[in-house]
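What follows is a set of notes on a single structure, which appears directly below.
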Ligand SMILES: [Zn+2]
């Protein structure tokens, strides 16, 4: 599946098909009270996001004017997520589907194609970004590294595609959506400034971020951290023993104080690293559980994109010997 060529609108599928369907769908399916509240408005019934990071952007921009749900929940790995028959029905019933793309949703490619073929817009946020700003994906030459939300400046720019698609769904809300989008982008800029500041305090020897899988390359590139991961870009491959040995040697040589687990990936291999370093007399701590491909629990601060990144930035800075406030950028972590 390659959606990178073609016009700038390539990441939004079947717009005209959608408009016709939205009209028919709204007339047929909207309950009378909804029509009474908004005379003449063609309100969509609801949109569906694949992963929580995407769902958060959609919710922030739509500000409650469109029902936005997320398919893949807390702590679930999107690389391995295989939609059930019920999930596919939800995807096909939504007025639009918002996904990350670049094979993050590795086992959903066929389903997303089916949704697009049915005439619904399928917005692939990461694929809306110019390829020159993306990093390579050694596993799939036709795709880029999908983990773009890890750099809030990239995610802010990817959110523009979501804003455009939502505006096409509810043209009357253009101004409100533009305001919400601007607020979201401002929060991304604030996160970026915070990350520059606190990650900049990590001592030189400890500027090595070791995680379970390779989700942090945009983060490392933006904030000057060297990266090592036990698994590759996707979580599908098994970690190999020689790679773990090499990583242990590096941790001991550099006297890196901590390595990190991820909420959506089993932590066996990370624990093997800690034990391996311990056997060589180097105490390496488990620096915490980072949110890589999934956010925290819905309804908590960590269950928002802002809270997810704040948690990661703050946790990494503190565990690697830098200075960051315990409760993070907004004083809300862990509350
Ligand atoms: Zn990943």
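Assorted remarks:
- Flag not set for residue 166, criterion: within 30 Å of residue 245 (Cα to Cα), touching a residue at least 12 places away in the same chain (Cβ under 8 Å) and more than 16 Å from the ligand (Cβ to nearest atom).
- Residue check, residue 117 farther than 26 Å from residue 306 by Cβ, surrounded by fewer than 21 Cβ atoms within 10 Å (Cβ to Cβ) and within 16 Å of the ligand (Cβ to nearest atom): no
- Residues satisfying the stated conditions in segment 120-147, i.e. part of a loop (DSSP other than H, G, I, E, B) and under 14 Å from residue 98 (Cα atoms): 120, 121, 125
- Just one of the listed residues (110, 56) is away from the ligand (no atom under 16 Å from the Cβ), part of a helix (DSSP H, G or I), at pLDDT 90 or above and within 22 Å of residue 298 (Cβ to Cβ), namely 56.
- Qualifying positions in segment 98-117 - farther than 15 Å from residue 158 by Cα and touching a helix residue (DSSP H, G or I) at 6+ places or on another chain (Cβ under 6 Å): 111, 115
- Where a residue in segment 139-157 is farther than 26 Å from residue 193 by Cβ and free of Cβ contacts under 8 Å to residues at least 40 places away in the same chain and its partner, wherever it lies, is within 12 Å of the ligand (Cβ to nearest atom) and in a loop (DSSP other than H, G, I, E, B), with Cβ under 9 Å and at least six apart: 140/102; 140/103; 140/106; 140/233; 140/234
- Selection from segment 67-107 of residues that are touching a residue at least 24 places away in the same chain (Cβ under 8 Å), more than 15 Å from the ligand (Cβ to nearest atom), loosely packed, with under 15 Cβ neighbours inside 10 Å and part of a loop (DSSP other than H, G, I, E, B): 73, 82
- The listed residue being at pLDDT 75 or above, over 29 Å from residue 138 (Cβ atoms) and either out of contact with any strand residue (DSSP E or B) (no Cβ under 6 Å at 6 or more places or on another chain) or surrounded by 14 or more Cβ atoms within 10 Å (Cβ to Cβ) (or both), out of 63, 40: 63
- Qualifying residue in segment 239-262 (condition: within 15 Å of the ligand (Cβ to nearest atom), buried (at least 22 other Cβ atoms within 10 Å of the Cβ) and farther than 28 Å from residue 141 by Cβ): yes
- Test result for residue 270, within 16 Å of the ligand (Cβ to nearest atom) and either on the phi > 0 side of the Ramachandran plot or surrounded by 22 or more Cβ atoms within 10 Å (Cβ to Cβ) (or both): yes
- Each residue in segment 277-335 was checked for being in contact with a strand residue (DSSP E or B) (Cβ under 6 Å, 6 or more places away or on another chain) and surrounded by fewer than 15 Cβ atoms within 10 Å (Cβ to Cβ), and 1 pass.
The values are calculated or read from the model by the stated rules, or taken from the named source; none is laboratory data. Just so it is clear, the model here is predicted, and its values are computed rather than measured. Counting neighbours? That spans all protein chains shown, and the Cβs are built from the backbone with ideal geometry, glycine included.
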